[in-house]
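Here's the structure, in structure tokens; my notes come after.
The values are calculated or read from the model by the stated rules, or taken from the named source; none is laboratory data. The structure displayed is predicted, hence computed values, not measured ones. Neighbour counts run over all protein chains shown; Cβ positions are idealised from the backbone, glycine included.
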Amino acid sequence: MMGKEKLKAYTVCDKWNDAGSIIVWAESSGKAKSQSLYNDIFDGYEFTDLRVCREPDFDKYAESKKVPIQELLDRCWWFCCCECLKDHLGQDSIDNGDAFIIERDERDDFVLGTIICADCKKKEDNK
């Protein structure tokens with residue numbers, strides 16, 4: 001009898017990298033692709049439209065299926081502001097004071113934490 005295979009982390013993106021990327025935990029790269037087709041980012045995509053890259057450093061998050069946002073920022077990922085959706089907020093934005101990491105976990109995806117732009121943070125702080 002075979003035991004349950006250990007979940008492995010994969011980055012999944014479209015072949016053209018237009019839609020963005022997600023992290024998925026699955027037993028194989030094919031299963032990671034299949035799971036990704038149920039994500040809103042890849043709605044309407046075909047299996048062959050996706051590419052998969054193994055991410056062994058994220059295997060340790062298989063149980064929670066959440067990667068701390070700082071680890072993604074350290075790998076040059078960028079995000080949208082959680083309030084106004086201003087995009088391309090990455091580590092440079094944080095270093096320049098144009099964005100901030102918020103530790104709350106309100107996202108329904110693979111990221112632990114979120115980013116808020118300086119303008120929205122100022123509004124939030126003044127409430």
Legend entry - Verdict on GLU63 being closer than 18 Å to LEU7 by Cβ and crowded, with 16+ Cβ neighbours inside 10 Å: no
Inset, instruction - Look through ASP109, ASP105, ASP59 and report the one residue that is touching a residue at least 12 places away in the same chain (Cβ under 8 Å), within 23 Å of TYR38 (Cβ to Cβ) and not in a loop (DSSP other than H, G, I, E, B). - result: ASP59
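Scan ALA19, ALA26 and give me the residue that is outside the structural domain of ALA118 (by TED's automatic domain parsing) and modelled with pLDDT of 95 or more.
Working: ALA19 fails: modelled with pLDDT of 95 or more.
It is ALA26.
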Legend entry - Out of ILE69, ILE23, sole residue that is under 20 Å from ARG104 (Cα atoms) and in contact with an Asp or Glu (Cβ under 8 Å, 6 or more places away or on another chain): ILE23
Legend entry - Search result, residues across region 35-50 that are loosely packed, with under 10 Cβ neighbours inside 10 Å and part of a helix (DSSP H, G or I): ASP40, THR48
Legend entry - region 91-127, subset of a type in the set (S, T, N, Q) and more than 22 Å from LYS60 (Cα to Cα), residue surrounded by the fewest Cβ atoms within 10 Å (Cβ to Cβ): ASN126
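Yes or no, residue by residue, for (1) closer than 24 Å to ILE116 by Cα; (2) in a strand (DSSP E or B):
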| residue | (1), (2) |
| --- | --- |
| ALA9 | no, yes |
| ASP18 | yes, no |
| ALA32 | no, no |
| ARG75 | yes, no |
